[in-house]
Amino acid sequence: MTEPVRCGWVGSAPDYVAYHDEEWGRPVVGDDRVFERLTLEAFQSGLSWITILRKRENFRKAFAGFSIPAVAAFGPADVERLLADPGIVRNRAKIEAAIANAVVALDVGLSDLVWRHADPGSPIPATLADVPAHTSGSRALSAELRARGFRFVGPTTAYALMQAIGLVNDHVADCWVREGR
């Protein structure tokens, strides 16, 4: 039996294959679920996505299942706890940004805000080289998030979020997921 054709970034690592085949590009809604993806994309900045995938369950435990009210209530002791947790990426700026973002998200319908930037008509990439790092839509999403006080949400991170939660479908033209959606 031959392997199905997948997007070029997947490779053969089982974590990547499962993420690509079961999650990436599929619609994600709900404030806490979108907050989780936003937080993980911010932590990924400057690192490989496989690092974040492999630590994802640890992140979920460390960040109270990405419950926005729970994370918004984190204080200095929680920051220190997180900085000492070898199961996550221990970056003070990213940890503090995640907590600050939760505080902002308390008063924002995060899922609705993000989904207003959906681009269902985006072009179908023929190859991985055709997938942009950011778009006018991700620049607009980033600007709106930053204007509301969110941190670590530049246009590239915003676009990665858009891809991850299905605002755009960047599965390449011959990827089995695009064809099987």
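Throughout, read-outs are computed from the coordinates displayed, never taken from laboratory work. These numbers come from a predicted model, not from an experiment. Reconstructed Cβ throughout: ideal geometry from the backbone, glycine too, with neighbour counts over all protein chains shown.
A few notes on this one:
- GNM result for the chain, Cα springs below 10 Å: residue of GLY75, GLY11, GLY46 fluctuating most strongly: GLY46
- Working from the Cα coordinates of the chain, the gyration tensor eigenvalues give, after taking √(5λ), semi-axes of 28, 20, 13 Å in decreasing order.
- Looking at the stretch 120-181, the pairs of alpha carbons with a distance over 20 Å make up 28% of the total.
- Mean ellipticity per residue at 222 nm, deg cm²/dmol - from DSSP H runs of n ≥ 4 across the chain, formula -39500 (n - 2.57): -15500 deg cm²/dmol
- The chain, dipole about Cα centre (Lys/Arg Cβ +1, Asp/Glu Cβ -1), debye to the nearest 20: 420
- Amide H contacts of VAL5 (H built 1.01 Å from N, in plane; Pro and chain starts excluded): TRP176 sit under 5 Å, all sequence-distant by 5 or more or on other chains.
- 3J(HN,Hα) along the stretch 57-73, derived from phi through the Karplus expression 6.51 cos²θ - 1.76 cosθ + 1.60 where θ = phi - 60°, amounts to 5, 5, 4, 4, 5, 5, 10, 6, x, 6, 5, 4, x, 5, 5, 4, 8 Hz, with x in place of Gly and Pro.
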